[in-house]
Amino acid sequence: MNDVMLQYIGGERRPGRGEQLTITEPATGALIATGAAASTADVDDAVAAARAAFPAWSGSAPAERSAALYRWADVLSSRADELAAMESRGGGKPISLAKGFDLPGVIDNIAFFAGAARNLEGRAVAEYSGEHTSSVRREPIGVVGSIAPWNYPLQMAAWKILPAVAAGNTVVLKPSELTPLTSLVFAETAVEAGIPTGVINVVTGTGGEAGAALVAHPDVAMVSFTGSTAVGKQVAATAAGAVKRVHLELGGKAPFVVFDDADLEAAARGAVAGALINAGQDCTAATRAYIQRPRFDEFVSRVADLMDGVRIGPVDDPDTDLGSLISPTHRDRVVAMVDRARTAGAKVVRGGRIPQHMPTAGAYYEPTLITGATQDSEIVQHEVFGPVLVCLPFDTDDEAIALANDTPYGLAASAWSRDVFRTQRAAREIRAGCVWLNDHIPIVSEMPHGGFGASGFGKDMSAYSFEEYTNVKHVMAELTGVADKSWHQLIFRSR
Ligand code: NAD
């Protein structure tokens with residue numbers, strides 16, 4: 001039995017005092033590790049460590065924090081292959097994805113925030129009243145409680161931790177109990193790079209115990225949560241009780257709008273890649289493709305052909321395109337949703353099955369293409385979080401925009417056309433935190449990621465994220481030195 005210490009508190013790995021967790025390999029069902037989860041007492045210790053580290057870290061010069069982050073990027077780069085292998089095995093994702101997307105993304109994020117740490121913004125210092133000098137201080141908030149999902153464990157840990165610590169906060173991260181191992185190494189490499197102990201702590205535990213305790217903790221000044229809309233609502237409700245700042249990155253149901261003048265080959269390739277990346281367990285994945293009616297059949301047929309060429313295989317095989325879902329439980333949820341769509345009259349054009357050639361204890365599911373579903377059906381309205389693309393036809397541009405906006409979510413979307421006026425209209429009128437034009441999925445550290453509506457609020461990545469992780473303080477210094485200020489007329493009149 002490979003028993004692992006799943007907590008990283010004040011710079012030390014230690015076992016938790018909660019229930020025993022079992023961490024398995026999603027693609028095979030094999031045991032990776034066991035270890036004790038964080039109890040409420042462990043969360044208390046982690047918050048205390050973060051609180052103790054806050055005065056020195058928040059008081060350090062931006063240049064010092066920046067230098068430490070640059071060193072961290074170097075340390076992580078030197079261990080990229082090892083971490084990619086862990087991420088692939090722990091998340092059931094192909095090694096090519098972990099090596100080509102997860103690790104480079106995280107390393108670039110660290111480097112971006114190393115630079116951004118020295119570039120916090122504010123308004124010009126000036127005499128706005130005529131009698132005072134006004135200036136703005138941008139201050140870290142304190143201890144940030146961060147909660148992350150399992151779909152991109154390392155990237156989500158990076159997105160939560162980096163802007164927070166770059167701005168001078170200290171952090172307690174609770175990764176998903178299904179995928180904690182790379183987050184623990186991530187925090188250790190920060191200390192290896194010279195970031196003081198206690199600045200980044202990791203508590204591995206269940207949402208109900210460690211997650212809830214972190215959100216409710218009186219010494220946690222802000223909660224940053226990435227996960228499902230259902231849990232996000234609970235987190236927000238708890239935070240509201242304490243008037244605690246909260247940042248929510250929640251679910252998505254990204255529309256993919258193909259106008260009749262689009263490059264159909266580009267759109268079909270974009271749809272398949274955008275729907276299947278990370279086995280569709282991506283909050284921005286293409287899920288609802290709307291195709292203008294004259295091109296509908298051609299598009300569906302090309303997508304089906306492309307799906308036929310996708311190679312399902314062991315995650316450590318560099319030629320594997322599609323790995324496993326996170327767990328058999330989650331896979332069964334996807335199976336049930338596709339079955340219900342079928343029963344409701346939708347046509348499953350491709351997939352909709354568990355592949356027979358992969359280990360039965362794994363959580364594989366075939367790339368799945370669905371037509372004939374109705375706009376108000378579950379498969380169109382709700383997050384599937386699996387390798388499932390639904391295609392629906394539309395007639396007019398007005399209708400396409402209305403359909404794209406017709407779910408409670410608003411995280412990401414794409415529009416495909418050669419007509420700049422059409423794409424610009426889509427960019428303007430589709431309600432989502434990101435609208436891609438003639439592409440779907442790419443992200444860059446310099447640009448914000450975050451949703452509208454049921455997808456949450458606040459931004460990850462980019463300098464915009466500092467709006468979440470800093471308090472803006474107005475300092476107003478009186479300049480005249482007189483006791484009888486001009487505005488005192490409001491109270492004293494001429495006395
Ligand atoms: P989840 O909501 O079940 O869990 C997310 C995290 O919250 C986990 O660490 C979990 O342990 C914790 N948690 C659960 N209950 C809790 C509670 N009561 N209090 C505090 N914490 C609790 O989500 P998941 O299944 O891990 O991840 C998939 C979801 O994440 C999808 O909905 C996906 O769209 C979303 N997601 C969103 C983004 C984004 O940027 N918007 C990115 C990735 C994933």
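The values are calculated or read from the model by the stated rules, or taken from the named source; none is laboratory data. These numbers come from a predicted model, not from an experiment. Cβ coordinates were reconstructed from backbone atoms using ideal geometry, including for glycine residues, and neighbour counts include every protein chain displayed. Note: areas computed on protein heavy atoms with side chains; ligands, DNA, RNA excluded. Shrake-Rupley method; radii C 1.70, N 1.55, O 1.52, S 1.80 Å.
Is it possible to state the helix-based mean residue ellipticity at 222 nm for the chain, with each DSSP H run of 4+ residues giving -39500 (n - 2.57), the sum divided by total residues, to the nearest 500 deg cm²/dmol? What is it? Only helices count here, giving -11000 deg cm²/dmol.
What the phi angles of the stretch 139-150 give under the Karplus curve with 6.51, -1.76 and 1.60, with θ = phi - 60°, is a coupling list of 10, x, 8, x, 8, 9, x, 10, 10, 10, x, 9 Hz, glycine and proline written as x.
The charge dipole of the chain, taken about its Cα centre with unit charges on the Cβ of Lys, Arg, Asp and Glu (plus for the first two, minus for the last two), comes to roughly 1040 debye.
Once the Cα-Cα distance is subtracted from the 0.36 nm per residue extended length, the residue 301 to residue 3 segment shows a gain of 102.4 nm. Farthest toward the dipole's positive end in the chain, which of 306, 357, 111, given Cβ charges of +1 (Lys, Arg) and -1 (Asp, Glu) about the Cα centre? Sorting the options by dipole projection puts first 111.
Sorting the segments 277-283, 475-481 by their residues' average number of neighbouring beta-carbon atoms within 10 angstrom, most packed first, yields 277-283, 475-481.
Name the residue farthest towards the positive end of the dipole of the stretch 254-437 from the options 283, 343, 434, assuming +1 on Cβ of Lys and Arg, -1 on Cβ of Asp and Glu, about the Cα centre. After comparing all options, I get 343.
Quick one: accessible area per residue over the stretch 125-174, 1.4 Å probe, rounded to a whole number of Å²? Normalised by residue count, the accessible surface of the stretch 125-174 is 23 Å². Averaged per residue, the stretch 254-437 has 40 square angstrom of accessible surface, using a 1.4 angstrom probe with ligands and nucleic acids left out. In loop segments of the stretch 61-129 as defined by DSSP, the trypsin sites (Lys or Arg not before Pro) with at most 11 further C-beta atoms inside 10 Å of their C-beta are 123. In this structure, the pairs whose alpha-carbon distance is over 28 Å, taken from 244/473; 160/347; 99/233, are 160/347; 99/233.
The stretch between residue 336 and residue 124, if pulled fully straight at 0.36 nm per residue, gains 70.7 nm over its current Cα-Cα span. Extension gain, residue 395 to residue 74: 0.36 nm times the residue separation minus the Cα-Cα distance gives 110.4 nm.
Carbon-plus-sulfur accessible fraction, the chain (probe radius 1.4 Å, protein heavy atoms only): 55%. Each label point was placed 7 Å from the Cα along the Cα-to-Cβ direction; for residue 485 and residue 135 their separation is 1.9 nm. Amide H to amide H distances under 5 Å link residue 7 with 14, 16, where only residues 5 or more positions off or on other chains count and H is placed in the peptide plane. When the Cα convex hull of the stretch 254-437 is projected onto planes of every orientation, the mean area is 9.8 nm².
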